Amino acid sequence: MRLMSPHRLLCALAATLVPLLLLAMMMGPILITPAGLLTATAELFSGVPSTQDGLIVFAIRLPRVLLAALVGVCLAVCGTAMQGLFRNPLADPSLIGVSSGASAGASLMIVLGGGALLQGGQFAGLSLVAVGAFGGGFLAVLLVYRLATSTTGTSVATMLLAGIAISALAGALNSLFSFVADDEMLRRISLWQMGSLDAANWPRVWIAALAVIIVMTIMPRQAAALNAFLLGESEARHLGINVDIVKRKLILMTALAIGIAVAVAGTISFVGLIVPHMVRLVIGPDHRYLVPATAMLGAILLVLADTVARVVVAPSELPTGILTALLGTPFFFSLLVQKRKYEVS
Amino acid sequence: MALSATGLSLRVAEFPLLDNVNLVVEPGEVTAVLGPNGAGKTSLLRVLVGELTPDKGEVHLNQRGLHDWLAVERARTLAVLPQHSLLNFPFTAKEVVMLGRTPHDTGATQDRAIVAEALRAVDGDYLADRVYTQLSGGEKQRVHLARVLAQIWEPSPLGHRYLVLDEPTSSFDLAHQQLTLDIVKSLAIREVGILIVIHDLNLAARCADQMVLLQCGAIVASGTPEEVLVADTIKKIFQVDAKIGAHPLSGKPLVIT
């Protein structure tokens, strides 16, 4: 028995996401009224924004809210992919080394670059730190995948071990970079690792949108394969799934999308792990519904967390990564309790 | 047309698991593979369904090499019921059975009808909306039986269909052991070729048209139950003294130990 039908959940999520996006654009150190938002929207469509509200929305709030939503989609859907691939509800993208690799890459750039590179060095709208994060994350996944692939195919169990090993290696490198860093760099490194969306700008939005396009083109087509995967690899093969091709697609997709997400927003934990789990508790593990539902819930959770992060200590702000866990955990607990009650009765 | 193996040999780390095994699973017949633990029953089964590649020998499915098939087409022709399932996600039983329809594109309406019929066939009507992870071992195994039934439910234009079962009755109570054998036999009547790995000699005698006895990776006896189940062979392979009687109703051999 299920808490809710998949269609009802999808409708409920959509009905939450849209108003939340609008609300998130109004909230901040400077409150924008619904009327102000309306004017700003009109200005966006007519050309150059001129009012204060229009400028805030166009240059700050809109890219930030969009970036939060897009990164949320990437994290949550890639989490779904990994949990399906590993047949483990506790798997998340960091399992294949992408997060620790990205951290090491970012730390390296911070330490190497010092002040000069950080301010001046830009690549397609991304700071060099972001480029380092993407490179580090992608390289780590590539290594893990190579280690686990032999002539007989890719072993998911070996990949898990290789992921742990590469994560440990990246962790050691990260510690090494932190050790040689001065106090200012150290603060940057630890802030980066908490994950934050405060560097949101339009180029980052477009790059994150690219990641979402990749994820949402691949994942819906793999829904049936992922369902079969949950039976085990042999069974999936007997059901006509080309197991190794599916694995390669999903891993490459996760490396790209999470690499981009980490590059634009730092390591935001928890979303990739908990969102698929929450959705499964409500509608069950069918990936045909799991994929769109986790995409929306991931966006909702991150936009919500980021909005609170901006408002709660205004005019300063908290790193978003802290709030995803602070907000998500109580919700997750309540679901677990509700589910238990439901099953007993 | 058949599911056939010729000259299969398989070694793992210099330890021979299969030694020159020849086997033909004919459509419309039940072939039972028996033997002591470690005789190579599961290895043979895994080679036959393509999970392991033999060092020597070939497997043909309807006269085409097993690895020359398109994955989806092979799945419409050959279904496999493993001994244990790794599934630990909370699908409903109905959804698990629906996974059997993955290789087909017959449309949701027909798939739902087939899933309902397959569940009914395994006496699993009442399980349809229950969560798989909360079922008992025997109920889970029945759900998987329904899943493989749904996979090869209809005749295929690609030739005869085959069902391979690895100890399907091990976690069943008496009534469901009987039911499984009835299902297997009725599938054989519908021209499906059945390969069943089974430990219980008497259950095997009741349903098999052909019996194959394995020891140390080689076939030591094969033929009808009457030909294979003789006291000497059983003594030689299982080191057990047995009397062979006849089933009072079916007349099939009955091994009494």
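Of all residues in the stretch A:191-208, those that are in a helix (DSSP H, G or I), at pLDDT 85 or above and out of contact with any Leu (no Cβ under 8 Å at 6 or more places or on another chain) total 2. Applying the criterion of being under 17 Å from B:Ala146 (Cβ atoms) and of a type in the set (Gly, Ala, Ser) to the residues of the stretch B:51-108, the residue that is farthest from the other protein chains (Cβ to nearest Cβ) is B:Ala93. Filtered by the rule that a residue be over 20 Å from A:His287 (Cβ atoms) and not aliphatic (A, V, I, L, M), the stretch A:6-30 gives A:Thr16, A:Pro19, A:Gly28, A:Pro29.
When the stretch A:275-292 is filtered for residues that are surrounded by fewer than 24 Cβ atoms within 10 Å (Cβ to Cβ) and away from chain B (no Cβ under 13 Å), the ones remaining, listed by number, are A:Met278, A:Pro292. Applying the criterion of at least 3 residues that are of a type in the set (Asp, Glu) and buried (at least 20 other Cβ atoms within 10 Å of the Cβ) to the helices (runs of 4 or more DSSP H) found wholly in the stretch A:32-109 leaves an empty list.
Return yes or no: is B:Leu187 under 30 Å from B:Trp69 (Cα atoms), in contact with a Cys (Cβ under 8 Å, 6 or more places away or on another chain) and free of Cβ contacts under 8 Å to residues at least 40 places away in the same chain? No; evaluated as a whole, the condition is false for this residue.
Which count do you get for residues in the stretch A:224-234 that are over 26 Å from the mean Cα position of the chain (by Cα), facing another protein chain (nearest Cβ under 7 Å) and on the phi < 0 side of the Ramachandran plot?
First, the residues of the stretch A:224-234 that are over 26 Å from the mean Cα position of the chain (by Cα): A:231-234.
Cutting the leftovers down to facing another protein chain (nearest Cβ under 7 Å) gives us A:231-232, A:234.
From the residues that got through so far, the ones that are on the phi < 0 side of the Ramachandran plot too are A:231, A:234.
So the count comes out to 2.
From the set of residues in the stretch A:130-159 that are in a helix (DSSP H, G or I) and not hydrophobic (A, V, I, L, M, F, W, C), which is surrounded by the fewest Cβ atoms within 10 Å (Cβ to Cβ)? Checking each candidate, the answer is A:Arg146. Checking the structure you have, find out if any residue of the stretch B:118-129 is touching a helix residue (DSSP H, G or I) at 6+ places or on another chain (Cβ under 8 Å), within 14 Å of chain A (Cβ to nearest Cβ) and buried (at least 18 other Cβ atoms within 10 Å of the Cβ). Yes: one or more hits. Being crowded, with 24+ Cβ neighbours inside 10 Å, in contact with a helix residue (DSSP H, G or I) (Cβ under 7 Å, 6 or more places away or on another chain) and away from chain B (no Cβ under 14 Å) narrows it down to one of A:Met253, A:Met219, so name that one. Sole residue among the options that is crowded, with 24+ Cβ neighbours inside 10 Å, in contact with a helix residue (DSSP H, G or I) (Cβ under 7 Å, 6 or more places away or on another chain) and away from chain B (no Cβ under 14 Å): A:Met219.
Collect the residues in the stretch A:222-234 that are outside any helix (DSSP H, G or I) and in contact with a helix residue (DSSP H, G or I) (Cβ under 9 Å, 6 or more places away or on another chain), keeping them in residue-number order.
Of the residues in the stretch A:222-234, the ones outside any helix (DSSP H, G or I) are A:230-232.
Result: A:Leu230, A:Leu231.
Return yes or no: is A:Ile260 within 30 Å of B:Glu51 (Cα to Cα), hydrophobic (A, V, I, L, M, F, W, C) and in contact with a Phe, Trp or Tyr (Cβ under 9 Å, 6 or more places away or on another chain)? Break it down into steps so the answer makes sense when it comes.
Working: within 30 Å of B:Glu51 (Cα to Cα): no; hydrophobic (A, V, I, L, M, F, W, C): yes; in contact with a Phe, Trp or Tyr (Cβ under 9 Å, 6 or more places away or on another chain): yes.
It is false that A:Ile260 is within 30 Å of B:Glu51 (Cα to Cα), hydrophobic (A, V, I, L, M, F, W, C) and in contact with a Phe, Trp or Tyr (Cβ under 9 Å, 6 or more places away or on another chain).
Taking the stretch A:1-31, which residues are charged (D, E, K, R) and not in a helix (DSSP H, G or I)? Listed by number, the list holds a single entry, A:Arg2. All conditions in (1) crowded, with 21+ Cβ neighbours inside 10 Å; (2) over 30 Å from A:Val111 (Cβ atoms) hold for A:Gly232, with the sole exception of (1).
Taken over the stretch B:234-257, residues that are buried (at least 17 other Cβ atoms within 10 Å of the Cβ) and within 25 Å of B:Ser9 (Cα to Cα) amount to 3. Within the stretch B:170-192, can one find any residue that is of a type in the set (Ser, Thr, Tyr) and touching a Phe, Trp or Tyr at 6+ places or on another chain (Cβ under 7 Å)? Looking through the stretch B:170-192, at least one residue is of a type in the set (Ser, Thr, Tyr) and touching a Phe, Trp or Tyr at 6+ places or on another chain (Cβ under 7 Å). Screening B:Gln110, B:Gln83, B:Gln141 for residues that are at pLDDT below 90 and among the polar types (S, T, N, Q) leaves exactly one candidate, B:Gln83. Considering the stretch A:235-244, the residues that are within 15 Å of B:Pro103 (Cβ to Cβ) and in a helix (DSSP H, G or I) include one that is nearest to the other protein chains (Cβ to nearest Cβ), namely A:His238.
The values are calculated or read from the model by the stated rules, or taken from the named source; none is laboratory data. What you are looking at is a predicted structure, and each value in this text was computed from that prediction instead of being measured. Cβ: placed from backbone, ideal geometry, glycine included. Neighbour counts: every protein chain shown.
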